[in-house]
Every structure is written in C-alpha cells, then in structure tokens.
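See below for the structure under consideration.
The values are calculated or read from the model by the stated rules, or taken from the named source; none is laboratory data. Only a predicted model underlies this, so the values are computations on that prediction, with no experimental measurement involved. Positions of Cβ are backbone-derived with ideal geometry, glycine not excepted, and every protein chain shown enters the neighbour counts.
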Amino acid sequence: MLRLNPGSAKAHVSLATVLIGKGKLQEAQSHFEAAFRIDPDNAEYHSGYASLLERLGRDEQAAAECEAAVRLAPGSAPAWYSYGAFLEKHGKLEEAIAQYRQAVQVDPRFVDAHIDLGSALFENGDLHQAKAHYLEASRLEPKLAQPHNYLGKVFMREGNISQAIGQFEEALRLHPDFPEAEENLRVARASDAQVLSQSPK
C-alpha cells in the first residue's frame, strides 16, 4: 500500500495499525510521524497516536494527543470518548466524566459512551445519573447484556435486591456466558436469602 502511495497519510496510519498488532511499536510510531507530516490536522490519527504513546509509557504526550484530537474535531464523539477512557484509566475520574459527557452530547446514540459514563458516575457515587445512562444504553441496544449487569449493581448498592436479581438474570438471558453477571447474581440471591431469613415470621 505504501509503495503505491508513500504520500498517503492514511496508508502510513494503516501500516502503523498493522505494526501495533505485531508489537512493533517503535516502527508504528515512525509511520504516525510520517502521517502527521502529510496530514497534521486529522483528529482520528491523533487519537490513534495517543493510544500508541500510552502503550510506550509516554502518558504526558498521549494526553496532549488526546487534547489535540478533541481540539481539531470537537464534533467527534469517538475523540471525546477516547480522551475520557484515557483519563479514567489514569485515575482522573472527574475529568473523564466531563469527556464522556461531551461524547454523549455530540452523539446521544453512542452506547459505549453511555455505559462508560455510567460506570464512572457509579464509581463517583452518583447512582441516579449512572442508572440513567445504563438505561439509555439498554434502550439503544436492547440485546446488550452489559447495561443490565451494571443496572443490577446500581440496584444492589441502593439495597433493592429483587430489582438487582432481575437485571442480573436479564444479563444472563442475553449473554449466558457472562461470569461477572453470574457472580453478581449469586451474591444478590445470597443477600436476598439472608434478608428473608432475618425478616419477622
């Protein structure tokens, strides 16, 4: 591909992606740099380069590339989402929430952004908003098991065990091979049994 068109930024990035898959990160970096010499303002390339830099342990540079991506393409939900995921991975939960919010504002049908925003809000103790985003993800993608598992965790945290059990069961109906949901259902049923045993006869 590159032999045919060495002046193609897309060709360089495509080859970089292949090299990343083979673990040849330094070579991949050189192709990203070549791509930027041709097309320095492509937000998608900056997001991809951020991911590579993170794998190389160059987190400050990776953050700068994420910032470049959202600056160049403020209307790109994936750019905001990638930046949010980067920040969450590095323990910057409040900042990650802000980026995920931007992602769903730009694209309200972005299911993964709703799920990860919900999870960040859950970790931050905002159960009401977490639930809203999990419900929206489930509405957008009814056959997806993950939102039901997370909704179950919200209901467990709220002390609503019967609702939690229903959500975990639905997650497993949609995706029978789901160990986390299986474990959550086991814990929820055990909690339910304990509550029942302590109830006055």
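Whether a residue is within 17 Å of Ala69 (Cβ to Cβ), among the hydroxyl-bearing types (Ser, Thr, Tyr) and surrounded by fewer than 19 Cβ atoms within 10 Å (Cβ to Cβ) was assessed, and Ser51 passes this test. Considering the stretch 72-100, and only residues there that are within 12 Å of the chain's Cα centre (by Cα) and among the charged types (D, E, K, R), the residue that is nearest to Arg55 (Cα to Cα) turns out to be Lys89. Filtering Ala50, Ala63, Ala69, Ala9 for residues that are at pLDDT below 95 and more than 15 Å from the chain's Cα centre (by Cα) leaves a single hit, Ala9. Taking first residues from the stretch 177-193 that are free of Cβ contacts under 8 Å to residues at least 60 places away in the same chain and under 17 Å from Tyr150 (Cβ atoms) and partners that are in a helix (DSSP H, G or I) and among the small types (Gly, Ala, Ser), the Cβ contacts under 8 Å between residues at least 6 apart in sequence or on separate chains come to Phe178/Ala171; Ala181/Gly152; Ala181/Ala171; Asn184/Gly152; Asn184/Ala164; Leu185/Gly152; Ala188/Gly152; Ala188/Ala164. Scanning the stretch 89-134 for residues that are buried (at least 23 other Cβ atoms within 10 Å of the Cβ) and either farther than 21 Å from Lys153 by Cβ or at pLDDT below 95 (or both) yields Gln99, Ala103. Leu19 fulfils the conditions (1) modelled with pLDDT under 95; (2) under 23 Å from the mean Cα position of the chain (by Cα); (3) among the aliphatic types (A, V, I, L, M) except for a single criterion, (2).
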